[in-house]
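The values are calculated or read from the model by the stated rules, or taken from the named source; none is laboratory data. All values reported here derive from a predicted model rather than from experimental measurement. All Cβ positions, even for glycine, are placed from backbone atoms using ideal geometry, and neighbour counts span all protein chains on display. Protein only, heavy atoms only, side chains kept; ligands, DNA and RNA dropped before computing areas. Shrake-Rupley method; radii C 1.70, N 1.55, O 1.52, S 1.80 Å.
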Amino acid sequence: MLTGIGITAGYQAPVVTDVSLTVHPGQTVGLAGPSGSGKSTVARVLALLHKPFAGTVEIDGETVTGFRFKARQRTRIGVLFQQPRLSVDPRFTLRQAIAEPGGDRVDELADLVMLTDDLLGRRPHEVSDGQLQRACLARALALKPRYLICDEMTTMLDASTTAALVGVIRAYQRESGAGVLAISHDTTLLTRWADETVRLSAPLPR
Ligand SMILES: Nc1ncnc2c1ncn2[C@@H]1O[C@H](COP(=O)(O)OP(=O)(O)OP(=O)(O)O)[C@@H](O)[C@H]1O
């Protein structure tokens, strides 16, 4: 299980207070709520990229002790962001981006996300957002994460690319038993994709 217990987190001040949620292996949990309610902040805490002010994150029963670059626990969690261009080194070809985490499964992963050899040789500015997001998904799956956190992963994409990426993630879940946390504004998508949805409330007035 990936669990956040009593998470209070934010920046200068908290943006979420006492949020708890659990993602079981094989399950997809949606995270919804109005803009500014702290969905990305919660996602970053559960991805071990942002230290909460209070609360605990547990991965498969083990309490997380270090956020940011503690690689041992980080590799159990894959992350996909809304804007693939901000998360890929612009000097890399898609092949290099997929190979970045390590492992030798680039061709297998490229097949999985339907990227051709021609596309694998291109750099981010030479491909569409959807093609780049496919590469980011392949990269996120490279180390076979136990949990995948998708933060508005499909916002930049059209309906058919969205369906293709969700299909790849579902197949990976079936095969690996991975749990998924899916953040989206798109309630129709979450209704179809998630087994249950956690809703954050409107941001507190400052
Ligand atoms: N790095 C940061 N430094 C300071 N404040 C931040 C930072 N990132 C986000 N915030 C603030 O924290 C609050 C919650 O932001 P967050 O991105 O978690 O919300 P969200 O629910 O994901 O919003 P959206 O749906 O618009 O993406 C917002 O008021 C935002 O301005």
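Rounded to whole numbers, the Karplus 3J(HN,Hα) couplings from phi for the stretch 77-84 are 10, x, 10, 10, 9, 5, 10, x Hz, using 6.51 cos²θ - 1.76 cosθ + 1.60 with θ = phi - 60°, and x at Gly and Pro. Distances between every pair of Cα atoms in the chain, grouped in 10 Å steps from 0 to the bin holding the largest one, split as 9, 36, 36, 17, 2, 0 percent. For Leu48, nonlocal amide neighbours, meaning residues 5 or more places apart or on other chains whose placed amide H falls under 5 Å from its own, do not occur. Of all the options Gly130, Gly167, Gly103, the one that moves most in a Gaussian network model of the chain with Cα springs shorter than 10 angstrom is Gly103.
In sequence order, the stretch 130-136 has phi-based couplings of x, 5, 5, 5, 4, 5, 5 Hz under the Karplus curve 6.51 cos²θ - 1.76 cosθ + 1.60, θ = phi - 60°, and Gly or Pro positions carry x. The calculated 222 nm mean residue ellipticity attributable to helices in the chain amounts to -9000 deg cm²/dmol, summing -39500 (n - 2.57) over DSSP H runs of n ≥ 4 and dividing by all residues. Over the chain, what is the percentage of antiparallel beta bridges among all DSSP beta bridges, to the nearest 5? Beta bridges within the chain, antiparallel portion: roughly 45 percent. Using only side-chain charges placed at the Cβ, +1 for Lys and Arg and -1 for Asp and Glu, the dipole size of the chain relative to its Cα centre rounds to 560 debye. Surface composition of the stretch 69-206: carbon plus sulfur atoms hold 52% of the accessible area, using a 1.4 angstrom probe and ignoring ligands, DNA and RNA.
Distance between the pseudo-spin-label points of Ala159 and Tyr11 (7 Å out from Cα toward the beta carbon): 3.6 nm.
Kindly identify the stretch 1-68 as rounded, prolate or oblate by the Cα gyration tensor criterion: order the square roots of the eigenvalues as a ≥ b ≥ c, call it rounded if a/c is under 1.5, otherwise compare a/b with b/c, prolate if a/b is larger, else oblate. Oblate is the answer for the stretch 1-68, as a/c is 1.5 or above yet b/c matches or exceeds a/b. Of Val19, Val45, Val180, the residue with the greatest mean-square motion in the GNM of the chain, using alpha carbon springs below 10 Å, is Val19.
For the chain, the solvent-accessible area works out to 49 Å² per residue, with a probe of 1.4 Å and every protein chain left in place.
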